[in-house]
Amino acid sequence: MIFLHNIRTVARYESKILYRSWFFKVFSVIAFFLIFWINLAEIIYYQPFVNYAISANIPYRNLMLLNIGQSIIAIFLASEFLKRDKKLDTSEVFYVRPLSNAEYVIGKVWGDLRVFFLLNILALFIVLIFNFIGKSPIDPSAYVFYFCALCIPSLIYIIGLSIFLMLVINSQAVTFVVLLGYIAMSMFYIDDKFFYLFDYLGKSIPMMKSDITGYSNIMVILNQRMIYLLLGIVFILFSIKLFKRLPNSNKSVRPWFAAGFLFLFVAVLCGYNYIEKTVDLSNKRKLYVKLNNEYIHFPKIQPESFHISLEQLTDGIRASAEIIGTAKQNSDKFIFTLNPGFQIHSVTCGDSSLSYDRLEHLLIVDFGREFEQGESVSLKIEYSGRADESICCLDIEDDVFFEKKEVWGFSVDKRYILQSRNYLLLTPESYWYPVPGPTVQLVRIGRRPFSVISNWMLNLVRD
């Protein structure tokens with residue numbers, strides 16, 4: 001196709017100019033030098049246990065450092081192509097050709113991207129060599145994943161944003177100041193705010209991969225990275241409309257402008273979904289605390305013995321729990337706590353089926369007759385499903401629950417339940433078995449600014 005041919009032509013010349021740029025050469029030499037000596041020093045002197053124990057951390061750490069540096073350099077290289085073309089008189093080579101603005105801008109962007117992609121691939125090759133020399137386990141999928149999840153969205157976003165602001169502000173110096181200030185604010189202030197929503201570099205969002213359980217929350221990671229990938233495409237498409245050049249072509253830029261709004265709409269949907277899940281988690285925890293406060297004095301039994309039978313399924317568990325205890329007070333109804341992610345199939349006492357009410361994580365069982373204080377009570381509960389992590393550690397306030405945690409510079413996710421096809425970890429805090437009475441929690445979880453502002457943003461999107 002002529003369209004793709006023109007894009008490749010522009011990209012080829014743009015790549016050649018970048019390869020010859022002393023600025024890019026200096027950055028490449030420094031990047032390779034640092035990657036080489038950091039990995040060599042770890043092999044000779046000391047290799048952190050977090051790298052040796054988790055093989056995916058080796059490409060993760062190196063690409064994370066490289067991504068920060070190249071995102072800063074990309075600002076200068078991407079926003080400079082208009083000024084550079086005019087200065088070197090290379091713009092006339094393209095302006096006299098029947099190129100549309102879309103072909104010109106996309107070609108320039110692709111020319112910049114493939115130079116950085118080659119730089120990343122060469123850096124990963126060096127890392128792979130040290131990974132092999134250091135006799136650390138090699139995880140090939142991690143090399144591919146971190147390149148796609150860390151570098152590609154960040155580069156497309158910052159290059160698109162740089163070109164867009166350059167066309168809007170029309171001043172390279174002011175554009176540099178604005179973007180450098182934005183990067184500094186993103187790295188040191190807002191990267192961990194709003195559950196890492198503004199972390200365009202992917203520096204703070206937990207992306208560590210376990211050899212046993214994989215990535216802690218792969219859908220959250222992909223959702224967050226997709227936001228910036230789409231926004232980068234939006235800025236590139238809007239730049240086609242803003243580009244002040246006689247196109248020498250009868251092709252209209254309106255379809256690209258319309259496509260920009262379409263991608264912007266999808267990016268907003270991704271952001272809405274990302275915020276909604278986070279706010280929903282915080283609201284669930286508040287609801288559980290509220291219910292605990294309301295039913296804290298409801299009659300309960302004193303457990304004496306449990307007999308639990310559990311079967312691990314492809315997605316969740318199937319279990320039955322037999323509980324024997326004594327009534328702590330006279331009542332015909334007793335309350336239990338069970339993870340809200342489980343579906344209850346039956347509640348029985350001997351051969352009799354009992355009726356019950358389910359209030360989120362609370363289970364109120366009606367025995368049909370009143371038990372005296374100290375009288376023996378027994379029942380069997382059969383249930384199945386996938387445990388919901390939102391019930392865990394309700395005594396921890398939101399400030400601590402959502403707080404960023406780092407280990408050797410890696411952002412680590414906090415997980416209280418691990419469920420996969422080949423691995424299962426259910427802690428007592430998850431209430432994977434029925435516990436008599438509501439969880440002991442009489443203090444409401446405090447609302448932090450994150451919750452207030454996130455709810456406001458969510459309601460704004462809904463309106």
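The values are calculated or read from the model by the stated rules, or taken from the named source; none is laboratory data. Just so you know, these numbers come straight off a predicted model, no measurement behind them. Cβ coordinates were reconstructed from backbone atoms using ideal geometry, including for glycine residues, and neighbour counts include every protein chain displayed. To get the accessible areas, we keep the full protein, side chains included, count just its heavy atoms, and leave off ligands, DNA and RNA. Shrake-Rupley method; radii C 1.70, N 1.55, O 1.52, S 1.80 Å.
Here are the numbers for the structure shown:
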{"read-out": "Any hit, region 265-286, residues being open to solvent by 50 Å² or more (accessible area, probe 1.4 Å), farther than 30 Å from Met226 by Cβ, of a type outside the set (Val, Ile, Thr) and outside any strand (DSSP E or B)", "value": "no"}
{"read-out": "Of residues in region 328-339 being touching a residue at least 40 places away in the same chain (Cβ under 8 Å) and open to solvent by 30 Å² or more (accessible area, probe 1.4 Å), the one farthest from Lys290 (Cα to Cα)", "value": "Asn330"}
{"read-out": "Qualifying residue in region 216-239 (condition: in a loop (DSSP other than H, G, I, E, B), within 18 Å of Phe410 (Cα to Cα) and either modelled with pLDDT under 90 or in contact with an Asp or Glu (Cβ under 6 Å, 6 or more places away or on another chain) (or both))", "value": "yes"}
{"read-out": "Pick from region 10-40, criterion more than 31 Å from the chain's Cα centre (by Cα) and free of Cβ contacts under 8 Å to residues at least 60 places away in the same chain, ranking: nearest to Trp110 (Cα to Cα)", "value": "Lys16"}
{"read-out": "Among (1) under 19 Å from Leu354 (Cβ atoms); (2) of a type in the set (Ser, Thr, Tyr); (3) open to solvent by 60 Å² or more (accessible area, probe 1.4 Å) - the single one Thr314 does not satisfy", "value": "(1)"}
{"read-out": "Search result, residues across region 4-22 that are of a type in the set (A, V, I, L, M, F, W, C) and surrounded by 13 or more Cβ atoms within 10 Å (Cβ to Cβ)", "value": "Ile7, Val10, Ala11, Ile17, Leu18"}
{"read-out": "Entirely in region 347-387, the strands (runs of 3 or more DSSP E) that have 1 or more residues that are open to solvent by 60 Å² or more (accessible area, probe 1.4 Å) and farther than 29 Å from Leu287 by Cα", "value": "362-371, 376-385"}
{"read-out": "Lone qualifier among Ile324, Ile308 - being assigned to a strand (DSSP E or B), touching a Leu at 6+ places or on another chain (Cβ under 9 Å) and surrounded by fewer than 16 Cβ atoms within 10 Å (Cβ to Cβ)", "value": "Ile324"}
{"read-out": "Where Leu99 falls short, out of the listed (1) at pLDDT below 85; (2) surrounded by fewer than 21 Cβ atoms within 10 Å (Cβ to Cβ)", "value": "(2)"}
{"read-out": "Search result, residues across region 294-311 that are closer than 17 Å to Glu370 by Cβ and aromatic (Phe, Trp, Tyr)", "value": "Phe298"}
